[in-house]
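Read the structure below first, then the notes.
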Amino acid sequence: MNKIQFALSQIKSIKQRDPSLKSTLEILFFPGFRAMNTWFSAHKLYLKGHYALARFLSLRAQQKTGIDIHPGAQIGTDFFIDHGSGVVIGETCIIGDHVTLYQGVTLGATGKTTGNRHPILQNNTVIGAGAKIIGRITIGHDARIGAGSVIIRDVPPYTTMVPAPARPVRYRNHKLPVLTVERLNSRMEEELRYIRNTEERLERKMRCLERKRRSTPCREPERLRH
């Protein structure tokens, strides 16, 4: 595939997957499109051993687009970077076909290893905004990684990974109490105690009504114990 064919395939991919697109001309200004076309040239130079020139091209693209793709990364067909600002793709990354990345995604290494140290993304994976995938791990095909996730272990195919949801910790400069496991257990015990007391009260009422039906005097139920 030459550069023109690669650019045309990128245009086709963006048209299919970006609902905000109004015209083909817009694609020429998309940071993902520009970064990928520069990667194509830099990757060719990298494979030929022109490492310094390849890095020069990739760093120029990073300055212009905010997307850092190492020229050594291996990327399949129909790869789409949406928005793209802050995306980092390491040297030994292997990305399959029909993969989508959103802004702020990092495909990085731990910094302590050599050789193959970056993630492998299999076909049809989608990586949400701000996700961090670290180390030589594999994201299985058709997997979905939620925004803000931090992934340090393999993800099986067809799996969706999500991070912990946000929770309030401060309101009007007042710190909110944290619901710890101990407090949660205490709260559950209180609820169970209330349920048991309510059941006992209802049973006594039923027995009283039954005695009244038989014209037998009964004692009123005791008040709930707290």
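We did not get these values from a lab; they are worked out from the coordinates using the rules stated. Note that the coordinates shown come from a computational prediction; the quantities given were computed from them, not determined experimentally. All Cβ positions, even for glycine, are placed from backbone atoms using ideal geometry, and neighbour counts span all protein chains on display.
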Given Lys3/Lys64; Lys12/Lys48; Lys3/Lys132; Lys48/Lys132, which pairs have Cα atoms separated by over 22 Å? Lys12/Lys48; Lys3/Lys132; Lys48/Lys132
Rounded to the nearest 20 debye, what is the charge dipole size of region 1-107 about its Cα centre when +1 sits on each Lys and Arg Cβ and -1 on each Asp and Glu Cβ? 360 debye
Virtual spin-label span in nm between Glu190 and Ile152, 7 Å along Cα→Cβ: 3.6 nm
Helix 51-65 versus the longest principal axis of the chain: what angle, 0 to 90°, nearest 10, using Cα atoms? 50 degrees
How compact is region 84-123 by the rule of thumb for globular proteins, expressed as Cα Rg over 2.2 N^0.38 Å? 1.18
Where does the chain land at 222 nm, in deg cm²/dmol rounded to the nearest 500, when only DSSP H runs of n ≥ 4 count, each adding -39500 (n - 2.57), divided by all residues? -12500 deg cm²/dmol
What net charge is computed for the residues neighbouring Ser20, neighbours being all others with C-beta under 14 Å from the C-beta of Ser20, Lys and Arg scored +1, Asp and Glu -1? 0
For the chain, set up a Gaussian network in which alpha carbons nearer than 10 Å are linked by springs, and say which option among His70, His174, His83 fluctuates the most. His174
Just to be sure I understand, if you calculate Rg/Rh (Cα atoms, Kirkwood Rh) for this structure, which of (i) 0.97; (ii) 1.36; (iii) 1.29 do you get? (ii)
Note down the nm distance, to one decimal, between modelled labels 7 Å out along Cα→Cβ at Phe29 and at Phe6. 2.5 nm
Label-to-label distance, nm, for residues given as Arg172 and Asp18 (7 Å Cα→Cβ offset): 4.6 nm
Using θ = phi - 60° and the Karplus relation 6.51 cos²θ - 1.76 cosθ + 1.60, list the HN-Hα couplings for region 92-97 in order, rounded to whole Hz, with x at every Gly or Pro. 9, 5, 10, 10, x, 8
